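Inspection log for the structure reproduced underneath, given as structure tokens.
Readers should treat all values here as calculations from the given coordinates under stated rules, not as data from a laboratory. In this text, all values refer to a predicted model and were calculated from it rather than measured experimentally. Reconstructed Cβ throughout: ideal geometry from the backbone, glycine too, with neighbour counts over all protein chains shown.
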Amino acid sequence: MIEGRAGVSHTPIPFIDLQAQRKRLADRIDARLSKVLEHGRFIMGPEVQELEEKLAVRCGVRHVVTCSSGTDALLMAMMALDTGPGDAVLVPSFTFAATAEAVAMTGASPALVDIDERTFNMDPESVRRTTTALEKAGIRAKAVVPVDMFGLPADYEAILPIASDLGLDVVADAAQSFGAESNGSLVGKLGRVTITSFFPSKPLGCYGDGGALFTDDGELAELLRSIRVHGQGSDKYDNVRLGLNARLDTIQAAVLIEKLAVFDEELMTRDAVANRYTSGLRDGVTTPIVPSGSRSAWAQYTVRHNRRDALAQALDADGIPTAIYYRQPLHLQAAYSRFPTDPEGLTVSEQVCREVLSLPMHPYLEPEVQDVIINRILAAC
Ligand SMILES: *Cc1c(COP(=O)(O)O)cnc(C)c1O
């Protein structure tokens, strides 16, 4: 029995327990890694292609291009769409910096839009408003990057028609939502191109940095494969465009193949953990919602509370770790304060940043431990 510091036992509760999964998969992953060490093809070895094929099957997409991180995947998508100086790309202000950073790295401007307070995802009306304001200022909006915050797909049903109306390409930032679904469509098929991250703490994580891009567009996939390796043409040393060194290591592909094999089972366990939190916490804090037709990958279980900092402190004193994603919206951070924003302001993003608190969440969180967390939260608020 594991309890917090205030309980009888002193085993610490981890925020994300990667060791439980490690114990379960150790033999299989170690065997895979030994094979890579023996064949020695550390760059673009056979495991990379095997993983890409398995990911394509899992998501029902034609093309998967693995790469070095979620951030590089975003940058590759922007480069493939020829985003650059003079362009604007709509990005939610409530997200991890990489979403906007990749846009800015191409010389384009991230235009920061507001979110919906119930889903933490991009507000489609804010996208429309901001695009219209950009046009009036003579700035061309080129693309929109919906982010599937905490694992829940953005409101694609509303965003896709607006994007098509306004002539915007859709680059889906699914760094947190691999495995999730929206209205019967799997993540990977929701935008023209979708990116994900295999950072260790993401729902499907490797043992270092990694990422991937998903698309049904064969030409775009070819472009991405070229950008991944210095913009190479048909010959390795014939560079037809600018690119990057953005390959996924063979070793990380080997790890991911074994983790993918148990991923769907882990998704179901994440669902069960989330449901237990929601039914236990509903009366104490604002619990996250999953709109009907959607499925979350539960990268985080994030509640809202108007005395968030006091709640986090009380839980910390009880040995229960929490995290704040995110404390500041992008438009209030120095690196992004000069970029355009929704003309009506970003009040929801600012409010949510004061209230969010993410709780321990992983597929190996035991019900008894969860009940300790739930009871402490109810007692603290
Ligand atoms: C983690 C994350 C990224 C970046 O992924 P890395 O693999 O860490 O580079 C991008 N966008 C969002 C929303 C993320 O959560």
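In the range 218-261, which residues are touching a Leu at 6+ places or on another chain (Cβ under 9 Å), in a loop (DSSP other than H, G, I, E, B) and under 18 Å from THR196 (Cα atoms)? Answer for the range 218-261, where residues must be touching a Leu at 6+ places or on another chain (Cβ under 9 Å), in a loop (DSSP other than H, G, I, E, B) and under 18 Å from THR196 (Cα atoms): LEU244, ALA246, LEU248. For the range 158-181, taking the residues that are surrounded by fewer than 24 Cβ atoms within 10 Å (Cβ to Cβ) and either touching a Gly at 6+ places or on another chain (Cβ under 8 Å) or in contact (Cβ under 8 Å) with a residue 60 or more places away in the chain (or both), the one that is nearest to ARG129 (Cα to Cα) is identified as LEU168. Against the test of being within 16 Å of the ligand (Cβ to nearest atom) and over 17 Å from the mean Cα position of the chain (by Cα), the options LEU51, LEU74 yield a single qualifying residue, LEU51.
In the range 187-204, the qualifying residues are those that are within 9 Å of the ligand (Cβ to nearest atom) and among the small types (Gly, Ala, Ser), and the one that is surrounded by the most Cβ atoms within 10 Å (Cβ to Cβ) is SER197.
Considering the range 63-171, the qualifying helices (runs of 4 or more DSSP H), each wholly inside and each with 2 or more residues that are over 26 Å from VAL352 (Cα atoms), run over 70-80, 124-136, 156-166.
Within the set GLY280, GLY293, GLY284, the sole residue that is farther than 30 Å from ILE43 by Cβ and either surrounded by fewer than 16 Cβ atoms within 10 Å (Cβ to Cβ) or touching a strand residue (DSSP E or B) at 6+ places or on another chain (Cβ under 7 Å) (or both) turns out to be GLY293.
Matching residues to (1) surrounded by fewer than 17 Cβ atoms within 10 Å (Cβ to Cβ); (2) closer than 13 Å to PHE120 by Cβ; (3) touching a Gly at 6+ places or on another chain (Cβ under 6 Å); (4) in contact (Cβ under 8 Å) with a residue 60 or more places away in the chain:
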| position | (1), (2), (3), (4) |
| --- | --- |
| PRO343 | yes, no, no, yes |
| THR347 | yes, no, no, yes |
| ARG354 | yes, no, no, no |
| PRO360 | no, no, no, yes |
| PRO363 | no, no, no, yes |
| GLU366 | yes, no, no, yes |
| ILE374 | no, no, yes, yes |
| LEU378 | yes, no, yes, yes |
